[in-house]
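The values are calculated or read from the model by the stated rules, or taken from the named source; none is laboratory data. Everything quoted here is computed from the prediction, not taken from an experiment. A quick note on method: Cβ atoms are made from the backbone with ideal geometry, for glycine too, and the neighbour counts reach across all protein chains shown. These accessible areas exclude ligands, DNA and RNA; they are computed on the full protein's heavy atoms, side chains included. Shrake-Rupley method; radii C 1.70, N 1.55, O 1.52, S 1.80 Å.
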There are 2 protein chains.
Amino acid sequence: MTTPIQGFSKLSKEEKINWIADNYTDNSEATLEILKTYWNEDSVLQKLHDEFIENTISNYYLPFGIAPNFLINNKLYAIPMAIEESSVVAAASKAAKFWLDKGGFKTKVIGTQKIGQVHFIFKGSSEKLQVFIDKIRPILINDSRAITQNMEKRGGGITSIELRDQTKKLDNYYQLHCKFETLDAMGANFINSCLEQFAATLKRESHNYELFSEDERQIDVVMSILSNYVPDCLVRAEVSCPIDDLEVEQSVSPKEFAEKMVRAVKIANVEPYRAVTHNKGIMNGIDAVVLATGNDFRAVEAGIHAYAAKDGSYRSLTHASLEDDIFKFWIEVPLALGTVGGLTSLHPLVHLALEILQKPSARELMQIVAVAGLAQNFAAIRSLVTTGIQQGHMKMHLLNILNQMSATEDEKKTLIAHFRKNAATHSAVVEALQNLRSNL
Amino acid sequence: MTTPIQGFSKLSKEEKINWIADNYTDNSEATLEILKTYWNEDSVLQKLHDEFIENTISNYYLPFGIAPNFLINNKLYAIPMAIEESSVVAAASKAAKFWLDKGGFKTKVIGTQKIGQVHFIFKGSSEKLQVFIDKIRPILINDSRAITQNMEKRGGGITSIELRDQTKKLDNYYQLHCKFETLDAMGANFINSCLEQFAATLKRESHNYELFSEDERQIDVVMSILSNYVPDCLVRAEVSCPIDDLEVEQSVSPKEFAEKMVRAVKIANVEPYRAVTHNKGIMNGIDAVVLATGNDFRAVEAGIHAYAAKDGSYRSLTHASLEDDIFKFWIEVPLALGTVGGLTSLHPLVHLALEILQKPSARELMQIVAVAGLAQNFAAIRSLVTTGIQQGHMKMHLLNILNQMSATEDEKKTLIAHFRKNAATHSAVVEALQNLRSNL
């Protein structure tokens, strides 16, 4: 049996790989070979990427693709996407093209407020606590001056510090619920640094507050951390056109198509089993841009899905309407993004992605990302209510499998024709190719 | 102004890049250079990666790292993680090491049921519809035989087809709510292919069903698609130990630490602003393994966050208890994963990641991924309730910024010391380095 290892993180990259290869793979040589195949020739660049995280042994490739022809507020964008799933970039491009001559996408930032909290336990009078917090608010702000001064120079900073009594949820539980404006930074480090300073000030000041009893002075800070739930850091994107312009397939009239779209969105609004998948498709578009621009997709995912569940039932993030012969389709999503700090300046491809997007502010990036989500959803529902989702998806999937099995161009042609009428599950494709080859 | 482009997808990779460079970047030469720097030398391998999606122009690097020393059900694992965020692999490794001599992680698969639905509109008697569905159920199953036979040979397939009356949610709205066992496949293609066949059979049979009125025969299928909401494809992972073994920091006693952990988890259970961030941290661990093993993180994210919101309020995915001097910490998450099909066999690094994990079945992978999430959460809460989150995070962040600014080893030393006591926001680091350099 493999034994535990001491000091793994202190080994060199080669030593780490050797240990992994020897202990967890059948063929050490082959393992080494694969991992090194993915290293960059440029050792300085490779070192940069290695140091983004700990114990890096290679580079995991996500395809970096481009979806062109996005008209957003009358400006044309080509959107970079980093994603491993086939059809996502194709669907985005198709939706962009479809809306290009119909006025494109219109977007609006509704808010940019970010949230952080100091969670603490206070055993005593909540009225006295409120008076105390009101008294120390200027001190809380003043003590964090060293952290906030640069952000303030640029027009951001702490926008409010509020006491929230949560004792109904948990005995003696209170929060400093704080709001921030972090401009073009995602702001996690800024907010967390402010909050940890607030916590220190809160403890110090409560110890010295004469009106508190001995018990009341023992404020116990549980933790200080930003929230990824940002319902007021919100952006809206929309498309609309006269129903008659909705010519998508010969088999379905524009009016029928519009009705099918609206009905599909309604279903995603009332049925959680559908809503989750509907929103998952939206996230295909959103995450691809979030990744390409060096933002944190886990933060974005958590904030968006919680927003989808905010009224007690998990619902669709997009909406559709049909009024006065106008079809309207829109999304509202919370997006806390940054275009400075973090990976944005460190990762050369992220830097390039932002350049391709015309060096957007965080507000502009919010709008682009929301559009990518809306476009993705339009394309997905369009497929679902017309040809079905499998037709487009399986074509790419089929090609991937055939490539992997080193199919010749002739074999590809035969099997693409075959699988127009048959379900191309992985095993069915493997079998069909084997049959084809054994019949020759 | 840039103009739209026709037939972008049909251009060669070089032509695509040239168009992007000319239309969306200031320096075409530099753009070309950066994109090509990330191409793989091996053109066959590069072609494979290019063809995963559409319009690929380069490879987006995610660091591929290793977290060793995970003892799961008495077996030692080194877990591959693909993630761009610093501290995630370090935190996972630290948590693995901590639990290594305390019995490690215990896991259990609770269910593996996957869901798909045919959504349709039926105007007529719901009783008659129920009789009809019961009558055609064998035909539904029989018609999909070509799709299901391979899966059935291996022990999986369709496990139930049930009519759900959803007319209270939306007029005339019904579903075929279907359950599947897809074994080691994630199953999206299998399930979607089955559902599209069900839809075809449903329409054909309803047209021919004598007991239906003319209206009732016009069943209108809105869409057929799997659900990423999989509350019964569920796995549990747990750690536990006597309280006295919880020696984590000199500054806090084991009992005090255990109480702080339990309280922090309780807060994440009752306060959505905290729960979203708490679960985001869990997803740092989960997604890193999901990505490294070629699974679809958007599907996993959507399913898990909806599960966190299932009782009407968004809550923590982990739980902690303190009973009879035993500290227990566990997670239950839905995870629909595959270890065959999709990218698992196509992407060489995914193939290697699965080899490093000892070629797990999908059930085993569910358990490993749940452990990664639990470990991540343990490490995060441990930091939050002791030193605070910033200390560990900023060290990595600081080094990244210093590397980017080509700081010398001497400069690094000075500034690491400086930022032990000061908040290392991006601008503060840049400023401090500039000051340091101008003072020389």
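Over segment A:393-438, the ratio between the Cα radius of gyration and 2.2 N^0.38 Å evaluates to 0.96. Does segment A:189-279 classify as rounded, prolate or oblate by the C-alpha gyration tensor (a ≥ b ≥ c root eigenvalues; a/c under 1.5 gives rounded; else a/b over b/c gives prolate, otherwise oblate)? Judged from the Cα gyration tensor, segment A:189-279 comes out prolate (a/c at least 1.5, a/b above b/c). As a fraction of the 1.4 Å probe accessible area of the protein assembly as shown, surface on carbon and sulfur atoms comes out at 48 percent. Ranking A:ILE304, A:PHE64, B:TYR174 by Cα position along the charge dipole of the protein assembly as shown, where only Lys, Arg, Asp and Glu carry charges on their C-beta atoms, puts B:TYR174 farthest toward the positive end. Ratio of Rg to Rh for segment A:351-440: 1.20 [Cα atoms; Kirkwood radius as inverse mean 1/r over pairs]. Peptide A:217-229 has a mean shielding of 6, counted as Cβ atoms of other protein chains within 10 Å of each residue's Cβ. In terms of packing, defined here as the mean over residues of other Cβ atoms within 10 angstrom, the peptides B:337-346, A:148-157 line up highest first as B:337-346, A:148-157. The aspartates and glutamates within cross-link reach of A:LYS168, meaning a Cα-to-Cα straight distance under 16 Å and a gap of 8 or more places when in the same chain, are A:GLU127, B:GLU271. Normalised by 2.2 N^0.38 Å, where N is the number of residues, the C-alpha radius of gyration of segment A:292-332 stands at 1.57. Summarised in one figure, the compactness ratio Rg/Rh of segment A:265-388, Cα atoms and Kirkwood Rh, is 1.02. For segment B:6-114, GluC sites (Glu not before Pro) are listed when DSSP marks them as loop and at most 13 other Cβ atoms sit within 10 Å of their Cβ; the list is B:GLU41.
Counting, for every residue in A:275-287, the Cβ atoms of other protein chains within 10 Å of its Cβ and taking the mean gives 6. Reported value for segment B:20-119: 223 Å³ per residue, from the convex hull of its C-alpha atoms. For chain A, the longest principal axis of the Cα atoms and the long axis of helix A:409-418 meet at an angle of about 80 degrees.
Interface between chains B and A: roughly 13200 Å² of accessible area buried, both sides summed (probe 1.4 Å, protein heavy atoms only).
Per residue, the Cα convex hull of the protein assembly as shown amounts to 181 Å³. For A:ILE72, the residues 5 or more places off, or on other chains, whose built amide H falls under 5 Å of its own are A:TYR77, A:PHE105.
Using θ = phi - 60° in the Karplus curve 6.51 cos²θ - 1.76 cosθ + 1.60, the 3J(HN,Hα) couplings for segment B:116-125 round to x, 9, 9, 9, 8, 10, 9, 9, x, 7 Hz; x is entered for Gly and Pro. Kirkwood analysis of segment A:114-226, using all unique Cα-Cα pairs, places the hydrodynamic radius at 14.2 Å. Here the peptides B:367-378, B:117-128 are ranked by packing, the mean other Cβ count within 10 Å, and the order with the highest first is B:367-378, B:117-128. For segment A:160-177, backbone phi angles converted through the Karplus equation (6.51, -1.76, 1.60; θ = phi - 60°) give residue-by-residue couplings of 6, 10, 10, 7, 10, 7, 10, 5, 6, 7, 7, 3, 6, 8, 10, 9, 8, 9 Hz, Gly and Pro being listed as x. Across peptide A:307-320, the mean count of Cβ atoms from other chains lying within 10 Å of each residue's own Cβ comes to 3.
A 1.4 Å probe run over segment A:393-438, with the rest of the protein chains in place, finds 55 Å² accessible per residue. Measuring between their Cα centroids, segment B:352-383 and segment A:231-274 lie 39 Å from each other. Computed over the alpha carbons of segment A:158-203, Rg followed by Dmax gives 12.4, 38 Å. Checking the cross-link filter: which lysines have an alpha carbon closer than 17 Å to that of B:LYS135, excluding same-chain neighbours under 8 positions apart? Those lysines meeting the cut-off are B:LYS203. Divide the volume of the convex hull around the Cα atoms of segment A:174-329 by the residue count and you get 171 Å³ per residue. For the peptides B:324-332, B:90-98, the ranking by mean Cβ contacts within 10 Å, running from highest to lowest, is B:90-98, B:324-332. For segment B:8-50, the Kirkwood estimate of the hydrodynamic radius, built from every pair of different alpha carbons, is 11.1 Å.
Checked against a 22 Å cut-off, the cross-linked pairs A:LYS310/B:LYS280; A:LYS47/B:LYS75; B:LYS94/B:LYS260; B:LYS75/B:LYS97; B:LYS169/B:LYS310; A:LYS75/A:LYS106 give Cα-Cα distances beyond that limit for A:LYS47/B:LYS75. Partner lysines whose Cα lies under 18 Å from the Cα of A:LYS255, excluding those fewer than 8 positions away in the same chain, are identified as A:LYS102, A:LYS266, A:LYS328.
Calculated over chain A, the projected area of the Cα convex hull averaged across directions stands at 29.4 nm². Counting every C-alpha pair in segment B:329-376, the share spaced more than 18 angstrom apart comes to 31%.
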